Amino acid sequence: MRWMIYGMCCWLGWGVAAHGSGRPFDVKPWRALEDRNVSRLGRAVMRGGTHAWIHAESETFTYHAATRERLESVAREAEWTYAEVSERLGLSPASERGHLFVVEDEGDWTRVMRAAGRRADGVALHVGREIFILRDGPGGRTFVDIPHEMVHYRLWQQYGRDLPLWLEEGLAEYLGWQVAIRYQRTRQLHLYRERSPVEEQTWIPWTTLFEMERYPADPRRTAAFYRQSGGLVGAIAEKIGEKNLGPLVQTIVEKGYTLKDALAIEFDLEESVVDDMLKRVEQEMKQPAERLAR
């Protein structure tokens, strides 16, 4: 995948206030934080870092970063993204505060991913109440790291780990990209991405994808899994309207419906219509690369 931006960057003045609140993001020492309940992984990251950490709190997150500039930039995006993802999925704000760590050093990041049992080439990670972000990695900014992980985080707050794997990752892929586009436009940046076709040998049959409970061992099939899940959620959003994604998720989780059953019972979509949608997604993803933007 190739991520690119075009346009001029116009930095907004930092008002040091949480989204929807006049509360300032005052930088605090660790001992002054209201919430110091972080995981062993979070503590290990801060202990092993190559720099001193600074901290700040909002109603939604406690932020941990190396510099005020970095903290403010990430906090601004995270606060905006939290509200946007919540609105798009119809989720009420949660009372529990999360923690967001901004990791600067690649060595520290490798340790984070290894400790979490994840692949080292990732650039963001959500684990329970915590989000870890690598800024900036060897490939530069992805511009979708915070939005993607914020979808995971908000779904976890609402449903725990009860979502089918394809649905959770599909929502993070689809909504993460949509939210990233909208946020960057507030900064007068315009995103687009060029995506290669999914190769036949890595394509995952839909019946298999719907039953998967863990990611494929082959990185190429993992990439296909993300692409297929995100593309499917995008096609569903086009069919039933994005505003109905939240109710669809709730139906699947709380009633245990399959995708086809949920679409049939809640949205009157016949099985043949859903089968045609799956075929169309497959055909489009196997086509030559094209530029995608909104």
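Throughout, read-outs are computed from the coordinates displayed, never taken from laboratory work. Just so you know, these numbers come straight off a predicted model, no measurement behind them. A quick note on method: Cβ atoms are made from the backbone with ideal geometry, for glycine too, and the neighbour counts reach across all protein chains shown.
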Computed about the Cα centre, the charge dipole of the chain from +1 Lys/Arg and -1 Asp/Glu charges at the Cβ has a magnitude in debye, to the nearest 20, of 980 debye
Order these by the 10 Å Cβ neighbour count, fewest first: V253, V102. V253, V102
Of all DSSP beta bridges with both partners in segment 35-173, the antiparallel percent, nearest 5, is 45 percent
Where the centroid of each part is defined by its Cα atoms, how far is segment 153-209 from segment 40-113 in Å? 20 Å
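Provide the FRET efficiency to the nearest 0.05 for the E242-A83 pair, computing r from the beta carbons and using R0 = 22 Å.
On the way: r = 16 Å, r/R0 = 0.73.
In this case the efficiency is close to 0.85.
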Pop a pseudo-label 7 angstrom from the Cα along the beta-carbon direction at both E270 and S92 and give the gap in nm to one decimal. 4.0 nm
So how much slack lies between E199 and E213, counting 0.36 nm per residue of separation and subtracting their Cα-Cα distance, in nm? 2.8 nm
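Counting only C-alpha contacts under 8 Å and six or more residues apart, can you give the relative contact order of the chain as a whole percent?
Details: 400 pairs, mean separation 55.2, N = 294.
That works out to 19 percent.
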Send over the per residue convex hull volume for segment 196-292, Cα only, as a whole number of Å³. 103 Å³
Length gained if R185 through R70 is fully extended, taking 0.36 nm per residue and subtracting the Cα-Cα distance, is 39.4 nm
Which percent, nearest 5, of DSSP beta bridges in the chain are antiparallel? 65 percent
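Using Stokes-Einstein with the Kirkwood hydrodynamic radius over Cα pairs, what translational diffusion coefficient do you get for segment 20-161 at 25 °C and a viscosity of 0.890 mPa s, in µm²/s rounded to a whole number?
Result for D is 161 µm²/s.
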Run the simple label-point estimate for K255 and K28 please: 7 Å along Cα→C-beta, distance reported in nm. 4.4 nm
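Using the alpha carbon gyration tensor of the chain, what are the three equivalent-ellipsoid semi-axes (square root of 5 times each eigenvalue), largest first, in whole Å? Walk me through the numbers before you get to the answer.
Details: eigenvalues 215, 86, 75 Å².
Sorted largest first and rounded, they come to 33, 21, 19 Å.
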Of T251, T208, T62, the most mobile residue in a GNM of the chain (C-alpha springs, cutoff 10 Å) is T208
Partner lysines for K255 [C-alpha distance under 23 Å; skip if fewer than 8 residues away on the same chain]: K239, K243
Longest principal axis of the chain (C-alpha) makes with the long axis of helix 106-115 (C-alpha) an angle, in degrees to the nearest 10, of 60 degrees
